[in-house]
Amino acid sequence: MTPLGELLAERIRRYGPISFADFMRECLYHPVHGYYSKCESQRFVDYYTSVDVHPIFGRLLARKFAEMWEQLERPKEFVLVEAGAGVGRLAQHIFDFCEVRLPDFYNAVRYVAVERSASRREQAFARLERHARAGRLQMPAEIPFQIPAGCIFSNELIDALAVHRVVMSERGLQEILVGWEHGRFVDVVASVSTCALNEYFSTQGVRLPEDQHAEAGLEACDWITEVGRRIERGFVLTIDYGHRGAELFDERHMGGTLLAYRGHRVSEDFYASPGDQDLTAHVNFTALETWGQRSGLETVEFTSQTAFLLALGQSNEFADLYDHGQTEAEQVRARLQLKTLIHPEGMGERFQVLLQQKVAAEV
Ligand SMILES: C[S@@+](CC[C@H](N)C(=O)[O-])C[C@H]1O[C@@H](n2cnc3c(N)ncnc32)[C@H](O)[C@@H]1O
């Protein structure tokens, strides 16, 4: 049992079963023992993201952000908020590219790298110190309250937000709580702990068939509504793996989509080693669209990572892929890495891109 496991077991022994969302939030974000609260020396052992494949991912995103800036008629300050910035790798790729290749845009950008984990913020600061000292970058734990014009974007943030677990029974929707019995964590099926769970499914017009297990990302719903409130004019760009609701809750997902990752091995043993393994659930993009509308976010585009990156790179035949002075062998390697990002059997079709827009309220 991990130290966090002991703490959670004690809490359940004293006060009774807890929601899976509470359990997952502690496993990932407990200030001391949470999986994401620890320094990132462990990275690549458990997972890697598109950011780690090749800087082309950040470079193409930079081009997209510059397009948005043009579309908003070049505001003097364009606030680029990266939510869940981790150790700042993507920020570095975007900054380095803008500085050299998109200087006008670079001069307008104020980059806000938002990261919940203090240790990751420290690691990001070390990486991005030059830009921070130049006053171009801030690294808070929360998204700024007011963003006059800009874009809030994230890569693999939403799949790391806590979810509730439910199952449909003959008596209606039930919740799967986390209990403690005979020295181990166990599923406890009980009445739902909040009516927000019923609302989550009914608002989307989803009626789960009997015996279907599913996750409800209430935290993601709150997150997108809040983000929509904070941005006055601009865009929200979300890159993650998942589906729209119709697919997420279809007969191929009767067991839900929650998974645990450790050492690149995937399992459904969610209760193993609390704090030492990653827990993720597929993103419900319909929920992001529906709850985004509550604060004025309208969907502009929903597409695969393949289509999104191809549209950005094809105009200059992916010239941004190469660095000055590279050998032929290095260029071949870069092309293979690009393939990983866009190939349908690589990350290209597994990851989806949702672009939402907030148009300024008329005065
Ligand atoms: C799967 S990692 C992805 C990191 C990075 N975006 C990448 O693509 O490599 C998710 C990151 O989001 C952070 N995070 C989770 N919830 C957050 C929140 N509400 N606000 C800011 N950061 C958050 C975690 O601490 C973690 O560093």
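Quick note: the coordinates plus some simple rules give every number you see, no bench work behind them. Computed from a predicted model, the values in this text were never measured in an experiment. Glycine also receives a Cβ, built like all others from the backbone with ideal geometry; neighbour counts cover every protein chain displayed.
Residues considered: PHE153, PHE249, PHE318. Largest GNM mean-square fluctuation over the chain, using C-alpha springs under 10 Å, is found at PHE318. Near the amide H of GLN204, within less than 5 Å, lie no amide hydrogens of residues on another chain or at least 5 residues away, with H placed in the peptide plane. In the elastic network of the chain, a GNM with C-alpha springs shorter than 10 Å, the most mobile of LYS76, LYS38, LYS339 is LYS76. The GNM of the chain, with springs linking C-alpha atoms under 10 angstrom apart, assigns the highest mean-square fluctuation among THR303, THR327, THR280 to THR327.
Using the Stokes-Einstein relation with a Kirkwood hydrodynamic radius computed over Cα pairs, the translational diffusion coefficient of segment 49-140 at 25 °C and a viscosity of 0.890 mPa s comes to 187 µm²/s.
Taking the DSSP bridge list for segment 46-194 and keeping only pairs wholly inside it, about 50 percent are antiparallel. Using the rule -39500 (n - 2.57) for each DSSP H run of four or more residues, divided by the residues of the chain, the 222 nm mean residue ellipticity is -11000 deg cm²/dmol.
Shown in residue order for segment 139-151 are the 3J(HN,Hα) couplings computed by the Karplus curve 6.51 cos²θ - 1.76 cosθ + 1.60 at θ = phi - 60°: 10, x, 8, 9, 5, x, 5, 9, 10, x, 7, x, 9 Hz (x for Gly and Pro). Quarter the surface of the alpha carbon convex hull of segment 115-179 and you get the mean projected area, 8.0 square nanometres. Note on the chain: Cα Rg divided by 2.2 N^0.38 Å, N the number of residues, gives 1.02. Tell me whether segment 236-363 comes out rounded, prolate or oblate; compute the Cα gyration tensor, take square roots of the eigenvalues as a ≥ b ≥ c, and use a/c under 1.5 as the rounded threshold. Cα axes put segment 236-363 in the oblate bin. Of all DSSP beta bridges confined to segment 184-300, the antiparallel ones make up roughly 75%. Restricting attention to the chain, close to 65% of DSSP beta bridges with both partner residues there are antiparallel. Of interest is the spacing of the C-alpha centroids, which for segment 200-237 and segment 141-169 amounts to 9 Å. In segment 203-278, one over the average inverse separation of all distinct C-alpha pairs is 15.2 Å, which is the Kirkwood hydrodynamic radius. Computed across segment 254-328, the Kirkwood hydrodynamic radius from all distinct Cα-Cα pairs reaches 16.8 Å.
Applying 1/(1 + (r/R0)^6) with R0 = 22 Å to the Cβ-Cβ distance of ARG350 and SER191 gives a FRET efficiency near 0.05.
Charging the Cβ of each Asp and Glu at -1 and of each Lys and Arg at +1, and nothing else, the dipole of the chain about its Cα centre rounds to 860 debye.
With contacts taken as Cα pairs under 8 Å and at least 6 residues apart, the chain reaches a relative contact order of 20 percent.
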